[in-house]
Amino acid sequence: MSLRLRLNLLVAGLNLGFLVALTWLLVDNHRRSIQEEVEAAHRVTVQMLGTAAQTSRMFGSAPMVMVDYLQSLKRVRANVIRLYSNDGVLRYESPPATYKAGHRAPDWFEARMQPRLQATVIGLPGARIEIVPDASRSVLDAWDSMSAIFLLGLGFVAVLHGALLLFLRRLLRPTEADARRLVATTLQLAENREVTRLIQAGVEEERKRLARELHDELGQSVTAIRLIAASIARSTESDGAVQGTAKINEIAAGLYDSVHRIVRELRPAVLEQPDLAAALADLGREWRVRHPQVELALELEGDLGDLGEAVTLAAFRCVQEALTNVLKHAQASRIQLAVSRRDGRLEASIEDNGRGFAAEGVAGGAAGGGVAGVTASGHGLIGMRERVVALGGSLETAAGAEGGFRVSMVLPLPGDSE
């Protein structure tokens, strides 16, 4: 639901609420007014007819005198007068009201507005007079008055609402344009994230393919060269040939080791089963063997064995890239790598004690030395950030506690209950 529609509904609700409250107030005021008016008219009528009944016997037969009196009196407002003889015969009844004849208020309105008054009976010799309160004309006046006021109020509310809608349309036009731009930007960012994710998936797939090709083709070829060299060495008695074949075997062995190392870097075997803890432990062991001059401290917390392939790959590649940059640029002697799983997210930090911030490398929260190895626009840091952001995470850089450099990343774990 758009902001304009929500505001329109709010304004309409307020206007209708005001109209309903006004109508209820008018109904209550008219009801009390009718009650007071009919009570007063009924009291006056009862007193008047009571006096007339007491004096009627002085002028002859009371029933005849009262009939003549009532006929001359005609209709009394807000009352219906009936005269009955003792045998129950109706001798007189007030004529119908001529005021707004043929027009009545709705039954539900009359039931709401009708005052709760009892009829009064006056006894006569040989007859009785019934005086029944009748508020129908007063109720009709109230209905007509309220109908006019309600229609006037409804028109006023409609005009006011229309004016407010025009005002809100002009007021919210820039906001709605900004909202549309924001939605478009959000969609574009989502598309960019999806493109980045697809690119990373394609890169990983290409890594797997290259690793297979190197292992199956080049690895087998190097193994064949070594076997051929060994066969030549066994079949010849020449010292020169033996030395030559030994050299070929040595070169082929070195080439095989290089191919095997490249294959591990392209696609570590532990990543075939997404277990980040095992992958990082294997990475740490290999690092200590190849770079004994740089101490690597590894801290793992929480269950890192069921993160999903995408998160495992992203975390492993970022750590791998960060360690490579430390080795190339930081001139560090110690690296602290901490990875933990908590509160539905994976957190990792890589901190070294190397050169730290380079003066020319400070830009937008990134530095030139340390782990990043480049300025904020360097490909290493950009690639790491793109991997993390593509999965909805975040990556931050800062100075290390010991003057080096620190990279921290957070990756969400959808559906994680931890």
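Coordinate-derived values only; no laboratory data. As the structure is a prediction and not an experimental result, all values here were calculated from the model. Heads up, the Cβs are rebuilt from the backbone with ideal geometry, glycines too, and the neighbour counts pull from every protein chain shown.
Couplings 3J(HN,Hα) of the stretch 280-296, computed from phi: 5, 4, 5, 4, x, 4, 5, 4, 5, 6, 7, 10, x, 6, 10, 6, 10 Hz, in residue order, whole Hz [Karplus 6.51 cos²θ - 1.76 cosθ + 1.60, θ = phi - 60°; x for Gly and Pro]. Exposure proxy for 227, 49: other Cβ atoms within 10 Å of each Cβ, ordered fewest to most, give 227, 49.
Computed on the stretch 3-156, the Cα convex hull volume stands at 113 Å³ per residue. Derived scalar couplings between HN and Hα for the stretch 37-44 equal 5, 5, 4, 5, 5, 5, 4, 5 Hz in order, rounded to whole Hz, by the Karplus curve 6.51 cos²θ - 1.76 cosθ + 1.60 (θ = phi - 60°), x for Gly and Pro. Summarising the amide proton neighbourhood of residue 134: residues at separation of 5 or more, or on other chains, whose placed amide H is nearer than 5 Å comprise 79, 80. Within the shell defined by Cβ-Cβ distances under 14 Å, the residues around residue 351 carry a net charge of -3, with Lys and Arg each +1 and Asp and Glu each -1. A straight chain from residue 231 to residue 187 at 0.36 nm per residue would run longer than the Cα-Cα distance by 9.4 nm.
Our coupling estimate for the stretch 6-16, obtained by passing each phi through the Karplus curve with A = 6.51, B = -1.76, C = 1.60 and θ = phi - 60°, is 4, 5, 4, 5, 5, 5, 4, x, 5, 5, 5 Hz, Gly and Pro reported as x. Peptides 121-129, 7-15 ranked from most to least packed by the mean count of surrounding Cβ atoms within 10 Å: 121-129, 7-15.
Each other residue within a Cβ distance under 10 Å of residue 395 adds +1 if Lys or Arg and -1 if Asp or Glu, for a net charge of 0. Distant-in-sequence amide contacts of residue 345, defined by a placed amide H-H separation under 5 Å and a gap of 5 or more residues or a different chain, comprise 413. Annotation: amide H of residue 296 within the under-5 Å range of 335, sequence separation 5 or more or interchain, hydrogens built in the peptide plane.
Here the simple spin-label model places points 7 Å from the Cα toward Cβ, and for residue 57 and residue 152 these points are separated by 5.5 nm.
Extension gain for the segment residue 10 to residue 93, taken as residue separation times 0.36 nm less the Cα-Cα distance, is 24.3 nm to one decimal. The order of 231, 340, going from fewest to most other C-beta atoms within 10 Å of their C-beta, is 231, 340.
Sorting the segments 285-297, 57-69 by their mean number of nearby beta carbons within 10 angstrom, highest to lowest, gives 57-69, 285-297.
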